[in-house]
Amino acid sequence: LIQIRGKDIVIAISSYLALNANDSPDIIHLLCPFLHRIISLISRSSSLLQLVPKLTRSFMKEGFMEKTGPKHTEGFKKRWFTMDDRRLMYFKDPLDAYARGEVFIGSKENSYTVLSGLPSSTQGHHWSHGITIVTPDRKFLFACETEAEQRDWISAFQRVINRPMRPQEYAVEAHFKHKP
């Protein structure tokens, strides 16, 4: 993982521009998405202190899964997921600067559960190792490529769901429920 520090940001941007100008396909393919993420974050961050955590974050769990939309009639789409405590975020690509969506993972005391598998009527998934997260408002359906990945994700979800919510997490949950 590349770490960016103060003056290195200018070097990273300069490198990004130079790589694009030279059209070196293999290097551009590897580095430009990352540098694009840096530039996107810089343009929206008012200080380096806000930027560094976004570039150097460690997550409880991350990896690809497939997901479907709220009606469960849409086809499943492969997405990159990161789990940061009670926040499950998904991205089209691992290097995307901003999440396509988020799911709040509450506690069992608040009627959140994780189940192995998908409802029997579910169609459109390519990967056969399903996970269903039941919340008070809806069910979220995911599919993993391997059984080992399914077990790892279920274990991560279960650790969060089994832990009682702290008072400040209720405010986060309310924010998720009232997003436009």
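Under 5 Å from the amide H of Phe64 lie the amide H atoms of Phe81, each residue being 5 or more positions distant or on a separate chain, with H modelled from the backbone and absent for Pro and chain starts. Lys-Lys pairs in the stretch 61-177 that are eight or more residues apart or on separate chains and whose Cα atoms lie under 21 Å of each other come to 21.
Label-to-label distance, Lys77 versus His126, with points set 7 angstrom from Cα along the beta-carbon direction: 1.4 nm.
Every read-out reported here was derived from the displayed coordinates using simple, explicitly stated rules and does not represent laboratory data. Only a predicted model underlies this, so the values are computations on that prediction, with no experimental measurement involved. With ideal geometry, Cβ positions are generated from the backbone for all residues, glycine too; neighbour counts draw on all protein chains shown.
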